[in-house]
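Worksheet for the structure shown next.
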Amino acid sequence: MFADLPLLSLLIWLPILGGFWVLAVGRNDSSAPVARAVALLVSIVTFVLSLPLFFAFDSSTAAMQFSEKLAWIPNFHIYYSLGVDGFSMPLIVLTSFMTILVILAGWEVIQYKVAQYMAAFLIMEGLMIGVFAALDAILFYVLWEAMLVPMFIIIGVWGGQRRVYATIKFFLYTFLGSVFMLIALLYLYSVSNSFDILAYHKQALPMNVQVWIFFAFLVAFAVKVPMWPVHTWLPDAHVEAPTGGSVILAAIMLKLGAYGFLRFSLPITPDASHALEGMMITLSLIAVVYIGFVALAQQDMKKLIAYSSISHMGFVTLGFFTTYMITAHSNPASAAMAVEGGMVQMVSHGFISGALFLCVGVLYDRMHSRQIGDYGGVANTMPRFAMFAVFFGMANSGLPGTSGFVGEFLVILSSFKANFWIAFLAATTLILGAAYTLWMVKRVIFGKIANDHVKELTDIGARETLILTILAVTVLAFGIYPAPLLDVMHTTVQHLLEHISHTKVL
Amino acid sequence: MQNVYLAIVLAPLIGAIIAGLFGVSRRVAHTVTIAGVGIAFLLSLFAFKEVVFGGHTFNQTIYTWLVSSGIRFEIGFMVDSLTVMMMVVVTFVSWMVHIYTIGYMHDDPGYQRFFSYISLFTFAMLMLVMSNNFLQLFFGWEAVGLVSYLLIGFWFTKDTAVYANLKAFLVNRVGDFGFLLGIAMVLMYTNSLNYSEVFSHVEHIKDMTVQILPNTEWSLMTVMCILLFIGAMGKSAQVPLHVWLPDSMEGPTPISALIHAATMVTAGIFMVARMSPLFELSETALSFVLVIGAITALFMGFLGIVQNDIKRVVAYSTLSQLGYMTVALGASAYTAGIFHLMTHAFFKALLFLGAGSVIIAMHHEQDIRKMGGLRKYLPITYWTGLIGSLALIGFPGFAGFFSKDAIIEAVHHAHELGRAGSGFAYYAVLSGVFITALYSFRMFFLVFHGKERMDEHTKHHLHEPPAVVTFPLIMLAIPSLLIGAFAIEPMLFGDFFKNVIFIEHAHNAFHAEHWHGIVGMITDSFAHPPVWLALSGVAVAYYLYLINPALPESIKQRFSAVHSILMNKYGFDQFNEWFFAGGARGVGGLLWKFGDVKVIDGVMVNGSAQAVHGVALIMRHVQTGLLYHYAFAMIIGLALLLGVFVIL
């Protein structure tokens, strides 16, 4: 029944148009309630429309599904071409899911330019879904760049005190990165006479060209993930961003970089990826270990969670780039666990980091401080909140039974097949992750009431409880029964591994 | 039977959810959790009958957690005699602790939360012991760790409590770090995480070697078993990962009994016994286990002598007894280790709950120097405490006697086999017997006998706690007295653990033909040192703390260096605080301030911004806006271009 609907187009354009609708109805702050209601409605409808992607998804094929293709600029072979596979589909559903929560999270908190705030998130939702669904390189690039604009506005308008520094850093970093990607895409066009991403997958390329293209992509994606050493924009951006901005940034935008590796780097330049695996694994492990230590030293809750995000994303890239070492010992299928672990980690990190930023937001809304030192003994005055904070803290520490465990577990298990020491370093997250997360929990949540501000805190209300409950249930559900999430990606992963095991060098 | 096993696991979980999440009254909270654990206990007894007498072992998948790379990660139960024994012990002790809690936590505002946690713990522990695969084992392993964390920090306004729970969690994570690598290794070499598949595959890999460091060849089984054992060292608090257990006493006493004595801390022992088909293949790993256990058994016992906090004495005794169990494992006497695990669960839970009873009566005073003469005020606590203490020191006929003697016998056997480290271990466990008796009865005499050293107010209010507190004491005293005599023959000499625990024939210290009955064992024991060591420990304690109380003080003065080493617990805490905690914070701060802020942001990011700025400053001199400058530049440029063409 969904085959006839241009579902992906709906998912892209509904929130974008919905965003403009919100702008139209909420031109001044007196009509904010209407703007909120419309925004929520649009986000819920978008989410509901994204569900058929999951339920009607054919997990037996690696081919693109729900495809659409229209000529856009035929002279240059540019098409409006969409489709999803096992990599992009879960991320699209994640995007539409998180957007609802972000709209809800900003419900009472945002009192200034409400409609614009809501609209920015809806428009961004559409653009992000578009990036995941795009199969045309130019379409991908346009959406990829366009996405920066709403985020730039969100941080710049509703952000904290140093928002200007943070937005410029964020914008320059990501923009600079993507320029190199554009060059790579134009080069690929020049050799294949096409902007079809899937055609690039089949394009034979000599080794030196592959290396150049790999690095061009790497700059773009590494900034987004972010990987060490191009990660320093993220803590600044998170600290200044409003809660909703942080949630979207951590939950979805970081995933775009990792997605880029799956969609572009690995399949287009498999030989370069192979040759440079050592570098990629090293950078991933630096993210896990080095950033883990840096997180330990943070005094600002948002910075701590931002560093924690970088560390957790290290598992994603680690999973993706250990594949060659694993297959060197056995057949390509044995590396599937690494890639799937990375994918699960992406989705799970979306929920958990989103939840943690929401938790910080809850505290920030009440005390207007993100400093760990300003808190202490919050559990005394906010017991219900404390329960959620401890739960998500545990999920962030990778406790089995939560989704945070699944990805790390799979990546550590499979990286052991690559090399003992890789697994050894990756597994330090068991200690480091627990140390920085639970130490923060201890200092903020536990202990005696630290000061009068904490004493006057009020516990979370129905709306906040609802948001955190939804996330907690999701985190638990994927921790207890992750099979459905993996089942949709098996064939796609298999196909990727099969594809990258063949050399492209002629 | 699958539904029965599901019910056993889920009943405590449902109780925990109701008590914890639905804001129910105190009455409802304790009713549902006690009912839940009670159901689990009764069904476990039924399962015991089915498995042990009916011979119906169970090994089935409940559901597939996920599939990846063709490997099925499953949740499933394996219920054999080892499991079912653990299930009965866990649910029974848990049930008793639940009942006891009604009295102990009576005035606590977190009453419902507490019941929810201990029921959740029971669920997690059951998942751990009933697992048929490493994944679920690890789930249960971490879940009991979580509940332990929550319960140590139950009184979260107490700084020492929230320090202790973080420490406990992190130290356990160090163990889990090794454990997880061990699991990864199992998966890599056997392509499965299911116990029976792993055990049947192990034949093919037992002679393999691995290269971890360049130019070294290590036995695969040794590396794998030691990695797995590191997990056990964390959970079962073996040196040097023992440091969290004494601090865990910051939690309420019922959980010290349930989690930090009877059940959770024995998870490591259980795991190694479960993995006996792996450990039996590496003598080196077994020696490692043996030595670690012996160090723990002996040196943690010493610390018990100088402690003055009633719970900490029992805690160090737990550490030492866990060392005994570990020694048994290292001597290939897995059955003896499990046997001691079981007897210890009863008598140590009893001792802890007895300590709790004393603490209630003393209005939360825990210093044994301020007690004394409590015998006449707390008769039930006294008599049950005596039974527990006699069981602990291995007094002939009591539960601990049989299990401890078996361990010593097994180490002796290992020594005869020439297992590395067993000589040291043998003398360690022998001396440990004396030490155990000394610190146990030091505490016992200081608490129950001698001068009444408490203040008048406390003395005035001294009385036996209510029946919900004393009933569990009596219920635990019965197995502390009897279970050893009942269980030793089937568990060690019979075929209770046949096809469950695997021991190479030559390694086995217990053969049916050596069994001369309980009476024979008791009379026999008087011809061997352990009993005399235990009795002399009691005698020395009696002399030092009742007859001549001034002497311990002068010994303390005389050997003040030794005393201060013991008081500082060999300096483990200071070292960890300085090196690991301080070091990690220092490294983190350095990497952040220097690596991120100075180098990356300072030099690379802002540096390149400044470079752009600098170049722009120079470049803008070119754009002067004067027409003749541009004209001049054009002419020069044209000339150069022409020159190039001419030359080419």
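Numbers at a glance
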{"read-out": "Residue, surrounded by the fewest Cβ atoms within 10 Å (Cβ to Cβ), within the stretch A:465-477, restricted to residues that are within 13 Å of chain B (Cβ to nearest Cβ) and among the polar types (S, T, N, Q)", "value": "A:469"}
{"read-out": "Matching residues in the stretch A:478-504 - criterion: being charged (D, E, K, R), within 14 Å of chain B (Cβ to nearest Cβ) and farther than 24 Å from residue A:55 by Cα", "value": "A:498"}
{"read-out": "All positions within the stretch B:166-220 that are in contact with a Gly (Cβ under 7 Å, 6 or more places away or on another chain) and more than 8 Å from chain A (Cβ to nearest Cβ)", "value": "B:171, B:172, B:175, B:178, B:179, B:182"}
{"read-out": "Hey, residue B:577 part of a helix (DSSP H, G or I) and under 29 Å from residue B:445 (Cβ atoms) or not", "value": "no"}
{"read-out": "Residue in the stretch B:140-160 that is out of contact with any Leu (no Cβ under 6 Å at 6 or more places or on another chain), more than 16 Å from residue B:117 (Cα to Cα), facing chain A (nearest Cβ under 8 Å) and buried (at least 23 other Cβ atoms within 10 Å of the Cβ) present", "value": "no"}
{"read-out": "Residue in the stretch A:193-212 that is under 16 Å from residue A:261 (Cα atoms), within 14 Å of another protein chain (Cβ to nearest Cβ) and in a helix (DSSP H, G or I) present", "value": "no"}
{"read-out": "Among the residues listed as A:420, A:405, A:409, the single one being under 24 Å from residue A:291 (Cα atoms), among the hydrophobic types (A, V, I, L, M, F, W, C) and without any contact (Cβ under 8 Å) to a residue 12 or more places away in the chain", "value": "A:420"}
{"read-out": "From A:316, A:339, A:344, residue being within 11 Å of chain B (Cβ to nearest Cβ), surrounded by 24 or more Cβ atoms within 10 Å (Cβ to Cβ), under 16 Å from residue A:252 (Cα atoms) and not aromatic (Phe, Trp, Tyr)", "value": "A:344"}
{"read-out": "All positions within the stretch A:39-64 that are without any contact (Cβ under 8 Å) to a residue 24 or more places away in the chain and of a type outside the set (Asp, Glu)", "value": "A:41, A:48, A:55, A:63"}
{"read-out": "Long-range neighbours under 7 Å by Cβ, at least six apart or interchain, first residue more than 8 Å from chain B (Cβ to nearest Cβ) within the stretch A:285-306, second charged (D, E, K, R)", "value": "A:300/A:370; A:301/A:370; A:302/A:370"}
{"read-out": "Count of residues meeting criterion [open to solvent by 70 Å² or more (accessible area, probe 1.4 Å), outside any loop (DSSP other than H, G, I, E, B) and either closer than 13 Å to residue B:445 by Cβ or among the β-branched types (Val, Ile, Thr) (or both)] in the stretch B:517-554", "value": "5"}
{"read-out": "Inter-residue pairs, beta-carbon under 8 Å, first open to solvent by 70 Å² or more (accessible area, probe 1.4 Å) and in the stretch B:601-628, second at pLDDT 80 or above, 6+ apart", "value": "B:604/A:229"}
{"read-out": "Unique match (being open to solvent by 10 Å² or more (accessible area, probe 1.4 Å), in contact (Cβ under 8 Å) with a residue 60 or more places away in the chain and touching a helix residue (DSSP H, G or I) at 6+ places or on another chain (Cβ under 9 Å)) among B:63, B:100, B:117", "value": "B:117"}
{"read-out": "Scope the stretch A:287-301; condition surrounded by fewer than 21 Cβ atoms within 10 Å (Cβ to Cβ) and either within 28 Å of residue A:144 (Cα to Cα) or polar (S, T, N, Q) (or both); matching residues", "value": "A:299"}
{"read-out": "Helices (runs of 4 or more DSSP H) fully within the stretch B:53-158 counting 1 or more residues that are among the basic types (Lys, Arg) and within 24 Å of residue B:246 (Cα to Cα)", "value": "B:111-130"}
{"read-out": "Helices (runs of 4 or more DSSP H) completely within the stretch A:400-464 that count 2 or more residues being among the hydrophobic types (A, V, I, L, M, F, W, C), surrounded by fewer than 19 Cβ atoms within 10 Å (Cβ to Cβ) and more than 10 Å from every other protein chain (Cβ to nearest Cβ)", "value": "none"}
{"read-out": "Evaluation of residue B:163 against (1) of a type outside the set (D, E, K, R); (2) open to solvent by 10 Å² or more (accessible area, probe 1.4 Å); (3) free of Cβ contacts under 8 Å to residues at least 60 places away in the same chain (one fails), failing number", "value": "(3)"}
{"read-out": "Selection count where residues are open to solvent by less than 50 Å² (accessible area, probe 1.4 Å) and among the basic types (Lys, Arg), scope the stretch A:167-225", "value": "2"}
{"read-out": "Breaking point among (1) under 28 Å from residue A:417 (Cβ atoms); (2) among the charged types (D, E, K, R); (3) open to solvent by 50 Å² or more (accessible area, probe 1.4 Å), for residue B:49", "value": "(1)"}
{"read-out": "Filter result for the condition that a residue is without any contact (Cβ under 8 Å) to a residue 60 or more places away in the chain, in contact with a helix residue (DSSP H, G or I) (Cβ under 8 Å, 6 or more places away or on another chain) and of a type outside the set (S, T, N, Q), over A:168, A:197, A:183", "value": "A:183"}
{"read-out": "Of all residues making up the stretch B:567-591, the number that are within 9 Å of chain A (Cβ to nearest Cβ) and in contact with a Phe, Trp or Tyr (Cβ under 8 Å, 6 or more places away or on another chain)", "value": "4"}
{"read-out": "Flag for residue A:154 being among the β-branched types (Val, Ile, Thr) and in contact with a strand residue (DSSP E or B) (Cβ under 8 Å, 6 or more places away or on another chain)", "value": "no"}
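For (1) in contact with a Phe, Trp or Tyr (Cβ under 7 Å, 6 or more places away or on another chain); (2) at positive phi; (3) in contact (Cβ under 8 Å) with a residue 12 or more places away in the chain, each residue gets a yes or a no:
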{"position": "A:457", "(1), (2), (3)": "no, no, yes"}
{"position": "A:464", "(1), (2), (3)": "no, no, yes"}
{"position": "A:468", "(1), (2), (3)": "yes, no, yes"}
{"position": "A:473", "(1), (2), (3)": "no, no, no"}
{"position": "A:476", "(1), (2), (3)": "no, no, yes"}
{"position": "A:485", "(1), (2), (3)": "yes, no, yes"}
{"position": "A:488", "(1), (2), (3)": "yes, no, yes"}
{"position": "A:493", "(1), (2), (3)": "no, no, yes"}
{"position": "A:496", "(1), (2), (3)": "no, no, yes"}
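The values are calculated or read from the model by the stated rules, or taken from the named source; none is laboratory data. No experiment lies behind these values; they were computed from the predicted model shown. With ideal geometry, Cβ positions are generated from the backbone for all residues, glycine too; neighbour counts draw on all protein chains shown. Just so you know, the surface numbers come from the protein's heavy atoms only, side chains and all, with ligands and any DNA or RNA stripped out. Shrake-Rupley method; radii C 1.70, N 1.55, O 1.52, S 1.80 Å.
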